[in-house]
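Visitor: Input: one structure, supplied below.
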Amino acid sequence: MTEITKSHVKTEFFKDLGFALWLERRSRRQKLIKTAQNTKLPQGLIERMERGSCGDLYKFFRLCAYYQKKIKITLVDEA
């Protein structure tokens, strides 16, 4: 079994959160440009967030607040 590093945990966290936000936007059938206009976040930043390439947690909080969603965290064993 490979050792889980802090970097790996952080990377996976942002990827999972970004994917969840992408799913939320898609379920609302909302275009990226409209989300950017409503949140006042740049469109490119939202794209990076949804891919998990952005490490600014406060930007994620802003997007979650826009969707009126909370973040729930569950710790899981690495499979």
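Visitor: For the range 1-66, compute the number of Lys pairs whose alpha carbons are separated by less than 18 Å, excluding pairs fewer than 8 positions apart on the same chain.
Guide: So the count works out to 6.
Visitor: With a 1.4 Å probe and all protein chains left in place, how much of the accessible area of the chain comes from carbon and sulfur atoms, in whole percent?
Guide: 53
Visitor: Quick one: accessible area per residue over the chain, 1.4 Å probe, rounded to a whole number of Å²?
Guide: That works out to 79 Å² per residue.
Visitor: Quick one: if the Förster radius is 22 Å, what FRET efficiency do Lys10 and Gln43 give, using the C-beta to C-beta distance and rounding to 0.05?
Guide: Calculated value: 0.35.
Visitor: Pull out a ≥ b ≥ c, the square roots of the eigenvalues of the alpha-carbon gyration tensor of the chain, then state rounded if a/c is under 1.5, prolate if not and a/b is larger than b/c, and oblate in the remaining case.
Guide: Prolate.
The values are calculated or read from the model by the stated rules, or taken from the named source; none is laboratory data. Owing to the predicted nature of the structure, the values given are computational and were not obtained by experimental measurement. Virtual Cβ from ideal backbone geometry, glycine too; neighbours counted across all protein chains shown. In case anyone asks, the SASA skips ligands and DNA or RNA and just uses the protein heavy atoms, side chains included. Shrake-Rupley method; radii C 1.70, N 1.55, O 1.52, S 1.80 Å.
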